[in-house]
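Heads up, the thing below is written out as structure tokens.
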Amino acid sequence: MTAGVRPEEARAIQGQTAGFVTRLAANIIDMVVLAITWVGFLLFISLARFIAHPLRGWHLPEPPTWESGLTICLLAIVYLTIGWSGTGRSVGKRMAGLSVHTSSGAQLKAGRALARAVLYVVFPIGFVWVLVSRKNKSLYDILLATSVVYDWGLRQAHAPAAVPEASARER
Amino acid sequence: MAPDDDSKRAPEAGGPAAHRPFDPVGRATHLVLGSAAVVLGAVGRGLLRLGTESDPPGDGASTGAAAASHGSTPQARSEPAQSNPGGPNESRGSDDAATASWPDMPNAAEMALAVVGVGAEVTRRLVGVAAAAATAAERGAAVVMQHQPVPEAVDRFREEVTSLGERGGAALRTSVTAAMDYGLNVAAQVVPGVVTRVDLDGIVEQVDIGQIIDRLDLNEIVGRLDLNAIAERIDIERILGRLDLAAITQGVLDQLDLTAISQRVLDQLDLTAVAMRVIDELELGELIRESSSTVTVEAVDALRVGGMNADRFVAQLMNRILLRRNGEAHSPDGPEAADASSREPRP
């Protein structure tokens with residue numbers, strides 16, 4: 001399956017900004033993880049209710065839509081914030097071989113990671129700017145000076161060089 | 001004559017006589033004959049002396065003649081004259097008459113001696129002829145003994161005898177085989193009838209097998225057996241080749257109640273302990289981790305490679321849509337990005 005993967009080729013792209021498809025795949029995996037987490041959360045609540053009131057029987061909670069949406073959004077923000085501020089990777093980005101860094105190559109701090117996560121959840125369409133951007137940057141990357149690069153763990157992903165002129169021009 | 005002839009002819013003939021230079025028979029014959037001649041000569045001289053001494057006085061002339069012929073002394077011739085002094089005239093007259101009638105007639109002794117000599121010579125010649133004849137007969141017999149007058153006939157006779165021997169052996173073997181076949185045929189015809197008439201069951205019932213077994217010392221019998229030698233003689237492959245293992249296995253399986261056997265085995269087995277022991281031996285957890293991690297890594301790598309290729313494709317597509325030149329857009333960040341940005345056309 002990996003017969004066509006050459007370590008030299010993979011090493012050559014480490015640290016380069018990731019493209020649209022890879023980042024989209026990572027986001028889809030993160031959404032699946034969030035969905036599973038949400039279902040697990042509902043099962044946990046129902047189990048707790050069943051234990052507390054077994055005579056009422058076993059049934060999944062059916063929260064209102066706004067309540068579910070708000071919970072999922074909060075869950076996503078927490079999940080992405082933890083992932084990006086810790087190792088720079090959520091589960092989806094880890095599987096896709098990506099990591100999130102600042103434009104100078106430093107690791108994201110909690111505040112910037114939280115802001116990026118909030119923007120990510122509130123305005124997800126900003127991700128599509130990757131298609132238009134000449135440097136594969138989404139709106140969140142442009143606003144928060146972050147970058148998503150290929151990072152397979154083969155080497156320390158080198159910090160992307162700061163291109164002030166390009167960033168200013170994009171802005 | 002014979003020895004001289006042999007000594008002269010033997011080298012020239014080159015026959016069997018040349019290999020026998022010494023002829024003891026001939027030598028012995030001549031020795032005997034020579035001895036006989038010497039004896040006869042001695043006897044003849046004795047008789048002559050006796051005859052001379054017994055001659056009458058009237059025979060003085062003859063005596064004197066004989067003595068003269070035999071070298072007698074004058075003294076001997078004068079002795080008869082002295083011994084017969086009475087009538088010398090009378091005896092001398094008769095001798096003269098006899099001498100006148102038979103002047104050269106030998107006396108009896110000379111005659112006897114001549115006869116003996118002639119006889120001896122005749123005997124010697126006869127013996128020589130006999131010896132020559134015997135030698136010739138011996139040579140002829142040797143030639144006959146050494147010569148095979150009819151070798152081909154003898155060989156043919158020998159071959160005939162050998163052929164007859166072989167034919168006789170073959171006939172004997174054929175006869176033995178035929179006799180055995182005939183005997184077996186007879187036995188095959190007779191034995192079934194005998195078996196049907198004999199009450200084998202009754203005989204077997206009368207046999208006390210237990211008593212026979214009690215008498216047998218099986219340990220001693222088994223101890224005498226060379227089981228290794230027996231095992232070496234057994235051709236296992238040949239036995240297995242003759243066996244219809246499929247039919248045997250099918251027959252065994254038909255007779256076996258596998259369900260009951262399996263149930264009994266399962267009842268007696270502690271499967272949990274066996275499974276735990278197998279898992280402990282196999283380190284199954286480590287195997288699962290290694291295999292799952294390997295599969296996961298390979299899947300993830302494939303996903304990543306596919307994503308990279310898709311990224312390039314989408315970037316090129318967007319460059320065409322946005323009318324960008326390749327290499328200007330989607331340049332990677334990092335050291336390469338600086339070069340790409342330097343090449344970026346200024347609007």
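The values are calculated or read from the model by the stated rules, or taken from the named source; none is laboratory data. Nothing here was measured: the structure is a model prediction, and the numbers come from that model. Cβ sites come from the backbone with ideal geometry, for glycine too, and all protein chains shown count toward neighbours.
Looking at region A:105-143, which of its residues are of a type in the set (Val, Ile, Thr) and closer than 14 Å to A:LEU80 by Cα? Scanning region A:105-143 gives A:VAL118, A:VAL121, A:VAL122. Among residues of region A:129-143 that are more than 11 Å from chain B (Cβ to nearest Cβ), those with a Cβ under 6 angstrom from a residue that is assigned to a helix (DSSP H, G or I) and aliphatic (A, V, I, L, M), sequence gap 6+ or separate chain, pair up as A:TRP129/A:LEU139; A:SER138/A:VAL130; A:TYR140/A:LEU119. Among the criteria (1) out of contact with any helix residue (DSSP H, G or I) (no Cβ under 6 Å at 6 or more places or on another chain); (2) modelled with pLDDT under 85; (3) at the interface with another protein chain (Cβ under 9 Å from one of its Cβ atoms), the one B:PHE313 does not fulfil is (2). Would you confirm, using the coordinates I've provided, whether A:VAL130 is modelled with pLDDT of 90 or more and of a type in the set (A, V, I, L, M)? Spelling it out, A:VAL130 is indeed modelled with pLDDT of 90 or more and of a type in the set (A, V, I, L, M). In region A:9-57, the qualifying residues are those that are basic (Lys, Arg) and in contact (Cβ under 8 Å) with a residue 12 or more places away in the chain, and the one that is farthest from A:GLY153 (Cα to Cα) is A:ARG49. Screening A:TRP58 on (1) within 23 Å of A:SER147 (Cβ to Cβ); (2) more than 14 Å from chain B (Cβ to nearest Cβ); (3) not in a helix (DSSP H, G or I) shows it passes everything except condition (1). Just to be sure before I move on: is A:GLY83 at positive phi, away from every other protein chain (no Cβ under 14 Å) and in contact with a Ser or Thr (Cβ under 7 Å, 6 or more places away or on another chain) in the structure I sent? The answer is no for A:GLY83. So which residues in region B:112-146 are among the acidic types (Asp, Glu) and under 16 Å from B:PRO24 (Cβ atoms), if there are any at all? Once the filter is applied, which keeps residues that are among the acidic types (Asp, Glu) and under 16 Å from B:PRO24 (Cβ atoms), region B:112-146 yields only B:GLU138. Each residue in region A:93-122 was checked for being more than 14 Å from chain B (Cβ to nearest Cβ) and either touching a helix residue (DSSP H, G or I) at 6+ places or on another chain (Cβ under 7 Å) or touching a residue at least 60 places away in the same chain (Cβ under 8 Å) (or both), and 13 pass. Annotation for region A:32-49: no member residue is among the aromatic types (Phe, Trp, Tyr), out of contact with any Leu (no Cβ under 7 Å at 6 or more places or on another chain), within 25 Å of B:GLN316 (Cα to Cα) and modelled with pLDDT of 90 or more. The single condition from (1) of a type outside the set (Gly, Ala, Ser); (2) part of a loop (DSSP other than H, G, I, E, B); (3) surrounded by 14 or more Cβ atoms within 10 Å (Cβ to Cβ) that A:ILE29 fails is (2).
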